[in-house]
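Some notes on the structure that comes next.
We did not get these values from a lab; they are worked out from the coordinates using the rules stated. Everything quoted here is computed from the prediction, not taken from an experiment. Here Cβ is always computed from backbone atoms with ideal geometry, including for glycine, and neighbour counts include all displayed protein chains.
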Amino acid sequence: MQKICFFDGVFVLARDIPYRVVLQPKDEATQIAHALKANAGGCTAKHSLLGRIFRSLGLKAVYLDYPFYWQDQEYLPQYLRDIAYGLPISHHLSLEIITENSKQFIDATWDKGLATVFPVNAPPFSTGKQCVNAVTPSDEPSRFESLRHRESANGQHPYSTSADEKLTFYAAFNSYLAQIQSSAIQP
C-alpha cells in the first residue's frame, strides 16, 4: 500500500506542475530541470520526469507519442481553434507503466488548476481509474523506450517543427491557461 501511495504522490507531483506549452530544449534532463525551476511545463517535460522516476524505481516506462492537431481539440474555445487552424501536426507525450501483472496508461498533462475545463486525471494507482488521454489523437501512438528514440523517429524534436508558425497560438493558449489557473486559486 505504501508503494501505491508513493506512486500516486509522484504522479501528482508531475501533474500539478502548471501546464504551459514551452518551446523546450531537446535534452530530456534540461526539459525536466526547466519545468521544475520555472514551475511550468508541457506534456514532454512532465512525462520525462515521470518516466525517469518510475524507471529509477525499477518499473518499465514506455513513452507514447500521439500525433494530434490543436484545431481538433474540443475542449478548446472556438477562438483558439480558429488560431490553430492549419497548424502542422503536433505530438503529445504520455506514458505506459508496465509491471509483471499489468499495463497502466499514465497522462499527467493537465494540472489541477485546469480541472474546470480540462480532463484532469486522478492518481491512477490507488483509485484504479484509467487515465484519459489529454488530447484527441489523429492516429495511433508510436512507442519509444527513450526520448532519444522519439526524436530520431520523428526526424526532429516536435517542438522545433514550425515553431514560428505556432508562436501566436502558443501565446494565446498559454494566456487562456493562466486565466483558468488563476481563477482556480482560492483566496
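Quick notes
- Each Cα pair under 8 Å and six or more residues apart adds its separation to the average, and for the range 2-169 the resulting relative contact order is 27 percent.
- Cα gyration tensor shape for the range 53-102, rounded if a/c is under 1.5, else prolate or oblate: prolate
- Ordering Ala14, Gln73, Pro141 by Cα displacement along the dipole of the range 2-169 toward the positive end leaves Ala14 in first place; charges were set at the Cβ atoms of Lys, Arg (+1) and Asp, Glu (-1).
- Number of Lys pairs (Cα under 23 Å; 8 or more positions apart or on different chains) in the range 2-169: 20
- The slack between Tyr176 and Val132, meaning 0.36 nm per residue of separation minus the straight C-alpha distance, is 13.7 nm.
- The charge dipole of the chain, taken about its Cα centre with unit charges on the Cβ atoms of Lys, Arg (+1), Asp and Glu (-1) only, comes to about 540 debye.
- Chain lengthening between Ile89 and Arg52 when straightened (0.36 nm per residue, less Cα-Cα): 10.7 nm
- Likely footprinting exposure, Arg55, Arg15, Arg81, fewest C-beta neighbours within 10 Å first: Arg55, Arg81, Arg15
- At 1.567 mPa s and 4 °C, Stokes D of the range 2-169 from Kirkwood alpha-carbon radius, µm² per second: 80 µm²/s
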